[in-house]
Structure formats: C-alpha cells, structure tokens
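Below is one structure, written out as structure tokens, with a few remarks after it.
The values are calculated or read from the model by the stated rules, or taken from the named source; none is laboratory data. Everything numeric in this text was worked out from a predicted model, so none of it was measured. Please note: Cβ atoms are built from the backbone with ideal geometry, for glycine as well, and neighbour counts cover all protein chains shown.
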Amino acid sequence: MYVAVKGGEAAIANAHSLLADRRRGDRSVPALRLDQIVEQLALGVDRVMSEGSLYDRELAALAIVQARGDMIEAIFLVRAYRTTLPRFGYSRAIDTANMLVERRVSATYKDLPGGQLLGPTFDYTHRLLDPELAAGAEVAEPLLRESEAQAMPRVSAILAREGLIEPDGDMPQDHVPGDITREPLEFPMARDIRLQALSRGDEGFLLALGYSTQRGYARNHPFVGEIRIGEVELELDVPELPFAVPLGTVRVTECQMVNQFKGSAKAPPQFTRGYGLVFGQSERKAMAMALCDRALRAKELGEDVVAAAQDEEFVISHSDNVQATGFVEHLKLPHYVDFQAELDLVRRMRAEYDARENAGKAEDKREAAE
Amino acid sequence: MRGQEARDQAERKAAMATLAQSSGDDIVRLWNEAGLPSDAELLRGPETGLVTLRGRIGGGGAPFNVGEATVTRATVRLPTGQVGHCYALGRDKQKARLAAIADALLQDPARRNEVETGLLAPLRSALTKAHEKRRAETAATKVDFFTMVRGED
C-alpha cells in the first residue's frame, strides 16, 4: 500500500489564484467597495457580525467580499480574526431600556408607553421584486415627524406590574457569567452560557428549531411581547480611570417572547419568558433565539423534555455553524490512509463472508446429494 | 472639593463619550481647523483589541456575554505632563491617538476651552443633530390607531 505524503503545492497555489480571479469576476464590472457593502447589504453584514461574534462592520464587509458572499465562510473568517486580538475586558451590561430606538413593536399591547414604531421593516411589504431598484432609481429621503422624548419601558416591565409574568432571569448572587470563548462547553449549562451560545448560533438552525416548537414539538404558545432595535451605549471599567469609559454605541436587536404557562410543581401559572439579544438588526434571529431559550428552560420549569428544541446538549452542541461546517467539510479533505485501512478491512470481511457462503452452499449440496 | 471632583469626572467622561461616538474623519478635520497640538508621547498603543459585550437576561436580569467588539485604545503624555486615555469602538488608530490627546488637553486648564470650542462643541452638535434626525425618521413610522365605532343607535 503506497500513500502519498506530499504533493499538490502547485495545484493549491493555482487554485487560490483562480479563486481570487473568480472572486473579482468580470473586470469590466467595478469592484465592490467595503462601504458599499456596509451601507447597502447591511443586514448581511449584521448576520456576519452576530454569528462571527464580533461587532465590526468593516471587518464583516471584508469577510463577505473575501468569501464571495458565502455567509458561513465569512463568519469563519471573522471568528479566525478574533483569535489574533488581545482582550481588554468585559463591558458593563448594556441597558436596552435606554436604547436610541429605531424600531419597536409589541404583539401583546396595542397602546404602550412610547408607542409602536415600525422602523425600517420588511413587514407589510408585498414581496414583489422591484424593477425600479434594478434600474437604479433614486430613493426619496425618509419622512420626518416631530417626536417628544418619551420613555420606552420594556413591555416585560409593564406585564410585571400585575405579577402575572416571571421576573427577568436571575442567577445566584456570586455567579460569574460564563464565557464559552474561554471554557469548554459543559452540560448541563447555566442559562447565561446558553444565551451566549444562542446569540452566536446559526440563524437557520435556530429558526428551524424555533419553528418546530410552534408546530408542536415542545409547544409553548409564544407571543412577541416586544421587539426593539436600536443603538445602546457601551461602557468598560478600566484600572486607569475612576469611572467606566464610554466606548461608543452598538446596534442590537432584542426580543422578549412571552409564553403561556399553565404552571407545574415548580412554578405557579403565569407567563414565562424567552429572551433574545443579537448584534445588529437581526429580528428573525432574535425571535428564534428567544423561542429556543424558552424551550431550553423546560427542566428549570418542570416540563417534560420530549422534543429536540428542549434538548440542551443537542441544541447547543450543534448551533455553532463554524464548528458544524468544519466537521462536515473536513470530510472532503484527503482521508487516503483512513480509507485504505477501511478498504482493507472490508476486503477481509468480504473474503470471510464469501468463504462462509461457499462453505454453506457446499454443505447444502452434500446434504441434498445424501 | 468632592463635588468639584465628581463634576470634573462627569465632564471628562462626557467628552470621552462624544469622541468615541464621532467618526475619525470628523475628529481629524476639526482638529486641523482648530489648530490643536498633536505632539504627545505615546505611552501605550494605539492598539486594537477585543471587549466582550454583556447583556442582561430578560433585559434587566443577570449579566451574560453576548459577543465581542473591536476596540482601539491609546494613552499619551503631553509635553506639559498631562496623561490622556482613549478607548473607542472600531480600529481607527489615528482617532484613538487624537482622542487621547484631547483627553489630556482637557486636563490642562489653559487648553481646556480650546478643545471644548474647537472640537467637542461641534462634534456634540453634529451627534445631537444626527440623533434627532434618527428619532424623527423613526417617529414618522409610529402607528396611530383609530378606534372603529360601531353604530349602536
């Protein structure tokens, strides 16, 4: 058995320059600039930031171009880049109640302080392709309307006044938030760690799981208590200054899912909650995250674990698309030695099988003859 | 004394917030227009690293880690001795250096006004304008509900 251990350097180098050529495409078409991607493919940029788990628009845009628009490849590039940077610390927790809100809707209350603000949404569009956009038509400036500054409390705070909804999730006093970028995953895991994994999880995977809960696999009857999108300020405690340093603002999407709950041995009948918080304008992802967060609280709330979406180890171990793509895609890399060994084994087993078959047939013949 | 110290810190923090939220291009342009001095000894950086962003479960509960963000920091010392710091989202090293110098200049009573009028005031008014525009654009998408009255008589 001969196994090649070297070779392919020239082929690899040439494949990469061919990739660079195909990435650029027809040279008579102007090359994309990163600011064009940041401005005009903003939600794709947001997805790469959220699943790449790195808030940096220009880097996400670069990753999208470099990956030729392959989002998972782009997310992979961003994740790899992260590992090259030193860490300055953990921010103070953001306050979503103090958001510069760009969109805020509730499916549970029509009238609520601050009102329903649709913002830049695809909702209520007719989903008809727009030939004018293809022709590069100019776009009008958005309309303005005077607004008095009005507090916009989270809807969960409004429901809490009646005592019919569980409070925001608490952890024991001395609990230090877990960090999956520092420690390996361990099951069962605390809710804070689960939320970190879900926030960077694959949108498609979480969407499908969230959908499965609605279709009856771990039914928990959800309502969107609130979705809000906007910018929040970020602050960091540093040793050299006596106050938290303001770092600037980031755009996030928050989803408060409210779920009917008939009560159990562990909790009275009340509304329970699932929570979603995602980088950028990523509404579908935040909703899917909130559905999965609620489903994964089954044990905590004394519910039977009967469906995939409630199985913590199943959901969290498979939600990371960089890990998933790494393991699936590694199958196409050379496995010549492995396969030679398997081939050998199958040959041997086949020979033994054939020998047994032939022996059996010979036995039958002899018996028939006798 | 205590009160004065607290006010100074609040002012310093507000200036840092303004600088962090402003674009590097705006800072450089105003810096040059105001003729602010940019010679300072770099004590650290400018260097880019990561800050892990935290949220709270349910919005107000226990903290959890959401993901990371790029942050660039710099520390400078002026020829007159004041030390200034900057931490700002993104990877703009020029911005971090100038913002750190601005922080140091603000601690020099002789230069404070110059930085305030030439740099911070215009940056602040641009940010306020942008926020007001954003608010007004969003407000135009506010849903006004009309109650449909069914005729009973």
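Do we have A:Gly69 as among the small types (Gly, Ala, Ser), at pLDDT 90 or above and under 27 Å from A:Asp21 (Cα atoms) here? Taking the combined requirement at face value, the residue satisfies it. Restricted to the range A:245-259, and to residues there that are in contact (Cβ under 8 Å) with a residue 40 or more places away in the chain and among the hydrophobic types (A, V, I, L, M, F, W, C), the residue that is surrounded by the fewest Cβ atoms within 10 Å (Cβ to Cβ) is A:Val250.
Check whether at least one residue in the range B:82-97 is within 30 Å of A:Gly274 (Cβ to Cβ), acidic (Asp, Glu) and modelled with pLDDT of 95 or more, and report yes or no. Checking the range B:82-97: not a single residue is within 30 Å of A:Gly274 (Cβ to Cβ), acidic (Asp, Glu) and modelled with pLDDT of 95 or more.
From B:Pro79, B:Pro46, B:Pro63, grab the single residue that is surrounded by fewer than 23 Cβ atoms within 10 Å (Cβ to Cβ), without any contact (Cβ under 8 Å) to a residue 12 or more places away in the chain and either within 12 Å of chain A (Cβ to nearest Cβ) or not aromatic (Phe, Trp, Tyr) (or both). That would be B:Pro63, the only listed residue that is surrounded by fewer than 23 Cβ atoms within 10 Å (Cβ to Cβ), without any contact (Cβ under 8 Å) to a residue 12 or more places away in the chain and either within 12 Å of chain A (Cβ to nearest Cβ) or not aromatic (Phe, Trp, Tyr) (or both).
Among residues of the range A:76-97 being assigned to a strand (DSSP E or B) and either basic (Lys, Arg) or on the phi < 0 side of the Ramachandran plot (or both), the one that is farthest from the other protein chains (Cβ to nearest Cβ) is A:Arg92.
Flag: B:His85 does not match the condition of being surrounded by fewer than 16 Cβ atoms within 10 Å (Cβ to Cβ), within 7 Å of another protein chain (Cβ to nearest Cβ) and within 21 Å of the chain's Cα centre (by Cα).
This table checks each residue for (1) more than 9 Å from chain B (Cβ to nearest Cβ); (2) free of Cβ contacts under 8 Å to residues at least 12 places away in the same chain.
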site: A:Met99; (1), (2): yes, no
site: A:Arg103; (1), (2): no, no
site: A:Ala107; (1), (2): yes, no
site: A:Thr125; (1), (2): yes, yes
site: A:Leu128; (1), (2): yes, yes
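Scanning the range B:1-26 for residues that are within 14 Å of B:Val115 (Cβ to Cβ) and under 11 Å from the mean Cα position of the chain (by Cα) yields B:Arg12, B:Ala14, B:Ala15, B:Met16, B:Thr18, B:Leu19, B:Ser22.
Table: residues versus (1) among the basic types (Lys, Arg); (2) farther than 24 Å from A:Gly178 by Cα; (3) crowded, with 17+ Cβ neighbours inside 10 Å; (4) not assigned by TED's automatic domain parsing to the domain that holds A:Val238.
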| site | (1), (2), (3), (4) |
| --- | --- |
| A:Arg23 | yes, yes, no, yes |
| A:Arg27 | yes, yes, no, yes |
| A:Gly44 | no, yes, yes, yes |
| A:Ser50 | no, no, yes, yes |
| A:Leu59 | no, yes, yes, yes |
| A:Val101 | no, yes, yes, no |
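Filter the range A:146-196 for residues that are more than 7 Å from chain B (Cβ to nearest Cβ) and either in contact with a Lys or Arg (Cβ under 7 Å, 6 or more places away or on another chain) or of a type in the set (Val, Ile, Thr) (or both) and give the result. Residues satisfying the conditions are A:Met152, A:Val155, A:Ile158, A:Ile165, A:Glu166, A:Val176, A:Ile180, A:Thr181, A:Ile193.
For A:Gly225, state whether it is within 11 Å of chain B (Cβ to nearest Cβ) and either in a helix (DSSP H, G or I) or buried (at least 16 other Cβ atoms within 10 Å of the Cβ) (or both). Criteria met by A:Gly225.
If I ask for residues that are free of Cβ contacts under 8 Å to residues at least 40 places away in the same chain, closer than 20 Å to A:Leu247 by Cβ and away from chain A (no Cβ under 11 Å), which ones from the range B:4-36 would you list? Matches in the range B:4-36: B:Asp25 only. Please indicate, with yes or no, whether at least one residue in the range A:327-334 is touching a helix residue (DSSP H, G or I) at 6+ places or on another chain (Cβ under 9 Å) and not in a helix (DSSP H, G or I). Looking through the range A:327-334, none of the residues is touching a helix residue (DSSP H, G or I) at 6+ places or on another chain (Cβ under 9 Å) and not in a helix (DSSP H, G or I).
Could you check, for the range B:49-66, whether at least one of its residues is over 30 Å from A:Ala197 (Cβ atoms) and over 20 Å from the mean Cα position of the chain (by Cα)? Taking every residue of the range B:49-66 in turn, none turns out to be over 30 Å from A:Ala197 (Cβ atoms) and over 20 Å from the mean Cα position of the chain (by Cα). If you go through the range A:132-145 and pick out every residue that is facing chain B (nearest Cβ under 7 Å) and either in contact (Cβ under 8 Å) with a residue 40 or more places away in the chain or more than 24 Å from A:Glu226 (Cβ to Cβ) (or both), you end up with 2.
Please enumerate the residues belonging to the range A:83-97 that are touching a residue at least 40 places away in the same chain (Cβ under 8 Å) and not small (Gly, Ala, Ser). Within the range A:83-97, A:Phe88, A:Tyr90, A:Arg92, A:Ile94, A:Asp95, A:Thr96 qualify.
Here the helices (runs of 4 or more DSSP H) wholly within the range A:29-75 that include at least 2 residues being within 18 Å of the chain's Cα centre (by Cα) are A:42-52, A:57-66.
Residues considered: A:Tyr217, A:Tyr211. Of these, the only one that is more than 9 Å from every other protein chain (Cβ to nearest Cβ), in contact with a Leu (Cβ under 9 Å, 6 or more places away or on another chain) and part of a loop (DSSP other than H, G, I, E, B) is A:Tyr217.
Where helices (runs of 4 or more DSSP H) fall entirely within the range A:122-204, those with at least 1 residues that are closer than 26 Å to A:Leu301 by Cβ and touching a strand residue (DSSP E or B) at 6+ places or on another chain (Cβ under 7 Å) are at A:155-160, A:191-199.
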